[in-house]
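First up is the structure itself, then whatever we jot down about it.
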6 protein chains.
Amino acid sequence: MAVLTRLTALVDRISPPEPVYAHCDLPCGVYDPAQARVEAESVRAIQEKYQASDDDVFKQRAVQIKEERADLVKHHLWVLWTDYFKPPHLEQYPQLHQLFWDATKAAGATKSSTDPASGQKLLDLVAEIDTIFWATKKA
Amino acid sequence: MAVLTRLTALVDRISPPEPVYAHCDLPCGVYDPAQARVEAESVRAIQEKYQASDDDVFKQRAVQIKEERADLVKHHLWVLWTDYFKPPHLEQYPQLHQLFWDATKAAGATKSSTDPASGQKLLDLVAEIDTIFWATKKA
Amino acid sequence: MAVLTRLTALVDRISPPEPVYAHCDLPCGVYDPAQARVEAESVRAIQEKYQASDDDVFKQRAVQIKEERADLVKHHLWVLWTDYFKPPHLEQYPQLHQLFWDATKAAGATKSSTDPASGQKLLDLVAEIDTIFWATKKA
Amino acid sequence: MAVLTRLTALVDRISPPEPVYAHCDLPCGVYDPAQARVEAESVRAIQEKYQASDDDVFKQRAVQIKEERADLVKHHLWVLWTDYFKPPHLEQYPQLHQLFWDATKAAGATKSSTDPASGQKLLDLVAEIDTIFWATKKA
Amino acid sequence: MAVLTRLTALVDRISPPEPVYAHCDLPCGVYDPAQARVEAESVRAIQEKYQASDDDVFKQRAVQIKEERADLVKHHLWVLWTDYFKPPHLEQYPQLHQLFWDATKAAGATKSSTDPASGQKLLDLVAEIDTIFWATKKA
Amino acid sequence: MAVLTRLTALVDRISPPEPVYAHCDLPCGVYDPAQARVEAESVRAIQEKYQASDDDVFKQRAVQIKEERADLVKHHLWVLWTDYFKPPHLEQYPQLHQLFWDATKAAGATKSSTDPASGQKLLDLVAEIDTIFWATKKA
């Protein structure tokens, strides 16, 4: 990220940077798929640690904390879907509804799974949303 | 971010990427100062919108929602301070305790202030923490 | 809703009533749009009381509590959309995605509005979802 | 409850139904024992699923989620007891205090039990409260 | 409190100290009316500061934060009533139900009031509960 | 506590009592390390009950509820550190930062431990903070 910071600085000299937040009609107006991504990374990391552990209390806590983190992913994605995206975005990206449905269902599926593959599938869907999100910010 | 993604890809070919999360002794282990930053950006954006508005209900909601967002900044910073940073980090960055105290106090101060300058001050302190955080990840 | 109750009564005389919950693949499996409806009724009631009051503290509290209630409506609707509804339901009711998007956006819109008409619009959309929900339970 | 619904239907034919919410001196004023009932149904459903499962992770999650749901039952009942019911109700239904005490204790008891009978006992007490609630709305 | 600590030490030499928590049939078993009292003190302090201020933003935040604190009082009292007190306590203190009803209603009443007298009334009722609580611990 | 109440009454006749809350620049201004202590006592009590039990569901719930209680300890300590203590306190007690870091880390450590010794260590650190807190109130 320190590297990214320096690269960003380089890019900033060439083209004006995109603002890091979008103003909507609510008081806040700051959105960033990073919020969903960080929690989804947490889900996958917990699944990996669960697999690597043979401590029963640790494994119980992993299942328990994963439940909360997966819930936060769902929440952050729902907020993006309902609050950030507007009808013109949907016209340009008609897959938005289905993509968010799939992603929030994938987040729900990580609750009952201790397989990091389910966490990775969630991360992939969050990355798809992230790509569209930043494309709409540039438009 | 799409630009960053491409630049990251370029950098990855030159040097191995930093992992995006740190493994600690808890089940999760994913930390990212972006969580505090996003909420702090929200605080400053709300202060700007408060100043630009003359709608009483809107202004009330701005004050109210800012309170929650500033609280989230405090929470994310406290987690970083207590859970991510370890004694060796403190040896290398002896200013850590004071920096987090100042930053969480600055977050508290944005609750009673509608001046975007207080939000900016908070963002500056979060940025200082962010710089140290990523430096420790590289070490 | 009083009308719905009477219609339910009529249906009950013809066929035995559906059980009030559906078992899904999660541990819980109980869904009921009544949860979203109760909170939406609360939103509209608060808006009506806001209009009828000239007590500044009361009006502030109305705006504040409405914010929380509208958030609960969004939450209950998101849960129905992501967790209850399955692909076969979507095939039969292709309007589901758009309907939930509209309803959750309508819930968000009641936060900045003190007009009971916005609460009523939300209740109408929740009623549409309720109708589809119970139709899928009978199928 | 299906029985109650049918009884309600019978009553509806004789007299016009009461509106589904009561206006109190708070900003909200909407109460409905359905909120407690839905969560209590969830508790019993989780207990049934726990009994039917032999998947350790599923059973852990069942215990964990049941804890939250039982807590919500307690919360919704406490709100009804303190906020909806008024001294005149207590005069007419002197058993109210004891009934709510028993019901919230029964909700607490479902936390440590995986026996659906404890969930059913809770539902029965919620149904008793529901009957009194709707009787007071008609009065 | 430092004074109290020294006095406690003195008393301890004369009679064995009461344990600071009660074991119940739940996993926790620690109860202390101090939790309700601290929040009730917060409610009264906020009302006093509200009266002393002429800063609109401050006064809005006072109303808003008082709402949360009063809610915490209600929650802590409900937990004591349902979880700590047992049937034998009720036999000895038949006023318990009514006392908790009055106290939680008084907590609710502080939400709409900015008069410190309502906060004081709440504190008095919490003190009555506190007296009974510690008497039952000695029994 | 009834004893303490009587002793307090005695002391009050000799010297004016310390105010039970401190006024800060926030609307509330009431602080009491008792909040952290009660939750820390709960953590240790849960660990003791965990050790004494051979009921799998009970033990799971103990781990789960301990997680929440330990989190509350961290929260209450963070609030004291950031909100109550001011720069002059730090001058007088230069160990404050490190003490709070150690205490919140000790609270985190009780999450993964079922050994009451870890709960006791946490209580000892909370007691150290409590001593400093009340000393600053007298100053």
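Below, the figures for the structure above:
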item: Criterion violated by B:LEU125 - all others in (1) closer than 29 Å to F:LEU99 by Cβ; (2) open to solvent by less than 20 Å² (accessible area, probe 1.4 Å) satisfied; result: (2)
item: Residue within the range F:130-138 that is within 14 Å of chain B (Cβ to nearest Cβ), touching a residue at least 24 places away in the same chain (Cβ under 8 Å) and assigned to a helix (DSSP H, G or I) present; result: no
item: Selection count where residues are open to solvent by 40 Å² or more (accessible area, probe 1.4 Å) and over 25 Å from the mean Cα position of the chain (by Cα), scope the range F:53-71; result: 3
item: Some residue of the range D:80-92 being open to solvent by 40 Å² or more (accessible area, probe 1.4 Å), within 29 Å of F:PHE58 (Cβ to Cβ) and of a type outside the set (S, T, N, Q); result: no
item: Flag if B:LEU96 is surrounded by fewer than 18 Cβ atoms within 10 Å (Cβ to Cβ), aliphatic (A, V, I, L, M) and closer than 16 Å to F:HIS97 by Cα; result: no
item: Residue in the range A:56-78 that is touching a Phe, Trp or Tyr at 6+ places or on another chain (Cβ under 7 Å) and closer than 29 Å to C:LEU99 by Cβ present; result: yes
item: From the options D:THR82, D:THR131, D:THR104, residue that is closer than 25 Å to E:SER112 by Cα and of a type in the set (Ser, Thr, Tyr); result: D:THR82
item: Candidate set from the range B:110-120 (those that are surrounded by fewer than 18 Cβ atoms within 10 Å (Cβ to Cβ) and either in a helix (DSSP H, G or I) or of a type in the set (A, V, I, L, M) (or both)); member that is farthest from the other protein chains (Cβ to nearest Cβ); result: B:ALA117
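The values are calculated or read from the model by the stated rules, or taken from the named source; none is laboratory data. The shown structure was predicted, so the numbers you read here are calculated from the model rather than taken from an experiment. With ideal geometry, Cβ positions are generated from the backbone for all residues, glycine too; neighbour counts draw on all protein chains shown. These accessible areas exclude ligands, DNA and RNA; they are computed on the full protein's heavy atoms, side chains included. Shrake-Rupley method; radii C 1.70, N 1.55, O 1.52, S 1.80 Å.
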